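The structure under discussion appears below in the form of structure tokens.
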Amino acid sequence: EKGGFEHFMLKEIYEQPKAYRDTMLGRMNPEGTKVILPELKLTNEQIKNIKNIQIVACGTAYNAGLVGRNLIESLVRIPVENDIASEYRYRSPIVSPETLVIVVSQSGETADTLAALREGHANGAHVLAITNVVGSSIAREADDVLVTLAGPEIAVASTKAYTSQIIAFGLFALYLADVRGTQSEAEVAHILAAMQSLPEQVEAILEKKDAIKAYAEQIAKHDHLFYLGRGVDYAVAQEGSLKLKEISYIHSEAYAAGELKHGTLALIEEGVPVIALATQESVLEKTVSNIKEVKARGADVLAITHEEHVTDLLKSVDQAFAIPKTLPMLTAALSVVVLQLLAYYASLALGHDVDKPRNLAKSVTVE
Ligand code: M6R
């Protein structure tokens, strides 16, 4: 059942290229210039009237929503808020019939996310669910369902569900952009082409698993570590940190790189591992100055970046790992794979039950 893999988590990490392909399959025109989502009931009229979007979810699905926000805001220019499902109802969110609520859930059974969906409905919003389980409670109650085709996810630590959710957000953002006329056909085609290259780019990362394993064995000796990044890299940092804590029980924190000096820098001491995500060219220089701040306090820094920046970055970091080149808005679908493998191998090195971490359940059906 594990298809020759030692754990479901590793199997599911390796299934990501297929999950990306399956989630995109049949969802664009043959020319690759347009996203087609015939399953949606959301009309073009409704799409044109959307004033704001609220993305609501828990855990890893919440983290996917952070990437989703970036995709929607940059491609469609509709304001997006991210909410943790268990917080959403209690903050009296400002929802109107012109609000689109997007709930994200692998299982479709998470109690807090279901409650958020109902809160959206109670306020007259249209609710779209991004889920991996067609017959789930969330899929049944939502007005619209955008299914991720990741296949069953067994390991408690979510991997292929997260990345498929990112693919689904990419498709949905391009769909909105088409209806609202915020991107040209050429731009849409360019982004879709980049999305279609992602599966083989993930395969290229998987081929470098030994280097990631070696680094994981190094960090497994530490009690604390930090993830830094800006923009999409910060969103991925949060997912990488959750993954590591969840299965290796190593304490870690994800920080927006520029926020460190507002307090957290005090925690950086000699030898503390820092994983710096540095894939966003527009803020690379700023990220490099933040890297220098932690280096100056003795941190041991691994940068995750594109090949073309490795030589330069190696002037300020200890090690660098290059991911294949993609558009800045899509890097999460690649960089996170490195962090998934890192968490996996750290957990393995520490002898933990990778697929069934202590105190956690795959599906959380209590609020
Ligand atoms: O099934 P869901 O996507 O609604 O689950 C949400 C979270 O419980 C889940 O993503 C959790 O954070 C994962 N175990 C993280 O790997």
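Overview of values
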| item | result |
| --- | --- |
| Residue in segment 8-49 that is nearest to Val179 (Cα to Cα), counting only those that are of a type in the set (A, V, I, L, M) and crowded, with 21+ Cβ neighbours inside 10 Å | Val35 |
| Phe172, sole failed condition from (1) away from the ligand (no atom under 12 Å from the Cβ); (2) crowded, with 22+ Cβ neighbours inside 10 Å; (3) part of a loop (DSSP other than H, G, I, E, B); (4) of a type outside the set (A, V, I, L, M) | (3) |
| Subset of segment 1-21 [assigned to a helix (DSSP H, G or I) and out of contact with any helix residue (DSSP H, G or I) (no Cβ under 7 Å at 6 or more places or on another chain)] | Phe8, Lys11, Lys18 |
| Subset of segment 74-93 that is at pLDDT 95 or above and loosely packed, with under 15 Cβ neighbours inside 10 Å - its residue that is farthest from the ligand (Cβ to nearest atom) | Arg77 |
| Every residue from segment 124-146 that is among the aliphatic types (A, V, I, L, M) and surrounded by 18 or more Cβ atoms within 10 Å (Cβ to Cβ) | Ala125, Val127, Leu128, Ala129, Ile130, Val133, Ile138, Ala139, Ala142, Val145, Leu146 |
| Test set (1) surrounded by 22 or more Cβ atoms within 10 Å (Cβ to Cβ); (2) in contact with a Phe, Trp or Tyr (Cβ under 7 Å, 6 or more places away or on another chain); (3) part of a helix (DSSP H, G or I) - Val56 fails condition number | (3) |
| Meets criteria (more than 13 Å from the ligand (Cβ to nearest atom) and outside any loop (DSSP other than H, G, I, E, B)) for Asn63 | no |
| Counted residues, segment 1-51 - those being among the hydrophobic types (A, V, I, L, M, F, W, C) and in contact with a His (Cβ under 8 Å, 6 or more places away or on another chain) | 1 |
| Residues of segment 246-273 satisfying the condition of being closer than 19 Å to Val156 by Cα and surrounded by 17 or more Cβ atoms within 10 Å (Cβ to Cβ) | Glu246, Ile247, Ser248, Ile250, Ser252 |
| Test: residue in segment 109-123 that is within 11 Å of the ligand (Cβ to nearest atom), of a type in the set (Asp, Glu), crowded, with 19+ Cβ neighbours inside 10 Å and in a loop (DSSP other than H, G, I, E, B) | no |
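The values are calculated or read from the model by the stated rules, or taken from the named source; none is laboratory data. This structure is a prediction, so every number in the text was calculated from the model and none was measured. Heads up, the Cβs are rebuilt from the backbone with ideal geometry, glycines too, and the neighbour counts pull from every protein chain shown.
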